[in-house]
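Following: one structure in C-alpha cells, then a few remarks.
No value in this document is a laboratory result; all are computed from the given coordinates. Just so you know, these numbers come straight off a predicted model, no measurement behind them. No Cβ is skipped: glycine too gets one built from the backbone with ideal geometry, and neighbour counts run over all protein chains shown.
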C-alpha cells in the first residue's frame, strides 16, 4: 500500500518528462516505495530503469518549456514549437529513453 500519496501525485505530474538525476539526463516513468524510502523511477538512456530517492538529487526540467523558444519557418506539424525542453525530450528519445505508455507504481518488499 502506498504510504505517500502526495509524492506519488508529484511523480505522476512529471510522467515522461526529462529530469536531471545528479548530472544525468533521464525520463520520469514512475514512483516506488520500500520499507525505508520513496523513489522516482526513471529511465536512464544507457543504464535502463533506476530508482532515485525522493530525498533529493533530482531536478525537474519543466521550467525549460519557455526557454530558448523557436518557431520553425516550415513546421512539420501545426503549432510546432521548439524549446530547450523539447530539445532535451528529443535527445532522450534518440538515445534510448522513449516515452512510456504507462506510469509505473511499484513497491519493494522489506
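Hey, what angle do you get for helix 84-94 against the long axis of the chain, alpha-carbon based, 0 to 90 degrees rounded to 10?
70
If you take every DSSP beta bridge fully contained in segment 5-107, what fraction is antiparallel? Give it as a percent rounded to 5. Don't jump to the answer; show the numbers that get you there.
Values: 20 of 24 bridges.
Taking every DSSP beta bridge with both residues in segment 5-107, the antiparallel ones total about 85 percent.
Report the gain in length on full extension from residue 91 to residue 106: 0.36 nm times residue separation, minus Cα-Cα distance, nm rounded to one decimal. Mind dumping the intermediate values first?
On the way: separation 15, 0.36 × 15 = 5.40 nm, distance 2.67 nm.
Stretched fully, the residue 91-residue 106 segment lengthens by 2.7 nm.
What residues of segment 1-42 lie in the reach of a label at residue 53, counting those whose backbone N is under 18 Å from a point 7 Å from the Cα along Cα→Cβ?
4, 7-8, 20-24, 31-42
Which of the following values of percent of Cα pairs over 19 Å apart was calculated from the structure shown: [x] 40; [y] 58; [z] 47?
Correct label is [z].
What is the mean projected area of the alpha carbon convex hull for segment 1-55, to one decimal in square nanometres? Intermediate results must be reported in sequence, preceding the final value.
Numbers: hull surface 15.0 nm².
Its Cα hull, projected and averaged over all orientations, spans 3.7 nm².
What FRET efficiency comes out for residue 7 versus residue 81 if R0 is 25 angstrom and r is the Cβ-Cβ distance? Round to the nearest 0.05.
On the way: r = 31 Å, r/R0 = 1.24.
Working from the Cβ atoms, E equals 0.20.
Per residue of the chain, what 222 nm ellipticity follows from adding -39500 (n - 2.57) for every DSSP H run with n ≥ 4, rounded to the nearest 500? Before the final figure, lay out the partial values.
Values: 2 runs with 20 residues, N = 110.
Estimated from H runs of four or more residues: -5500 deg cm²/dmol.
In whole Å, how far is the Cα centre of segment 71-110 from that of segment 17-61?
Value for the Cα centre distance between the two parts: 15 Å.
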